[in-house]
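Okay, so here's the structure we're looking at.
The values are calculated or read from the model by the stated rules, or taken from the named source; none is laboratory data. Everything quoted here is computed from the prediction, not taken from an experiment. Don't worry about glycine lacking a Cβ; one is built from the backbone with ideal geometry, like all the others, and counts go over all protein chains shown.
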Amino acid sequence: MIFLFHPAARVEHLDHIRYYEQIRPGLGAQYLSDFEGTMGRVCEAPHRFRVTREPNIRILSFEKFPYSVILRDVTVAVELLSVPHDRQRQGTGWSGPNNRLERSRTASSLGQGEGR
């Protein structure tokens, strides 16, 4: 299965890469490798991760960096909704605003994302 970025998730993800590259050259590449490994596990079998919120919202933590992917599986792909730092989502399972999810439902974001 492929994954597609929600436009806001793509911005978040690219910001994380830039941030880590500014800290130390090569650290952004390590973050990217961790992200790709996480998304590889998701794309292999998205249903093996439990639904933490409806509709079909799943959360999976990175192995090394303190980030998670918040996603949902749709018919043709996994839609990546957010890539928050773990401190941003403590307590509720996801601190992202509901309007992001609502925009995602109403916007044609699947046609706007990038897959692998």
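Tabulated data
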quantity	calculated
Residue that is farthest from Gly40 (Cα to Cα) [pool: residues in the range 59-71 that are surrounded by fewer than 21 Cβ atoms within 10 Å (Cβ to Cβ) and not small (Gly, Ala, Ser)]	Pro66
Tally of residues being among the β-branched types (Val, Ile, Thr) and crowded, with 18+ Cβ neighbours inside 10 Å across the range 35-52	2
Matching option when the condition is surrounded by fewer than 12 Cβ atoms within 10 Å (Cβ to Cβ), outside any helix (DSSP H, G or I) and modelled with pLDDT of 90 or more, among Pro25, Pro55	Pro25
Candidates Phe35, Phe65, filtered to the one that is part of a loop (DSSP other than H, G, I, E, B) and either hydrophobic (A, V, I, L, M, F, W, C) or at pLDDT 95 or above (or both)	Phe65
Near pairs, Cβ below 8 angstrom, 6+ apart or cross-chain, from the range 2-31 (of a type in the set (Lys, Arg)) to any residue that is buried (at least 16 other Cβ atoms within 10 Å of the Cβ) and assigned to a helix (DSSP H, G or I)	Arg18/Gly28
When residues of the range 75-98 are limited to those that are in contact with a Leu (Cβ under 9 Å, 6 or more places away or on another chain) and surrounded by 14 or more Cβ atoms within 10 Å (Cβ to Cβ), the one modelled with the highest pLDDT	Leu81
Subset tally (residues that are among the β-branched types (Val, Ile, Thr) and over 16 Å from Ser82 (Cβ atoms)) for the range 10-69	1
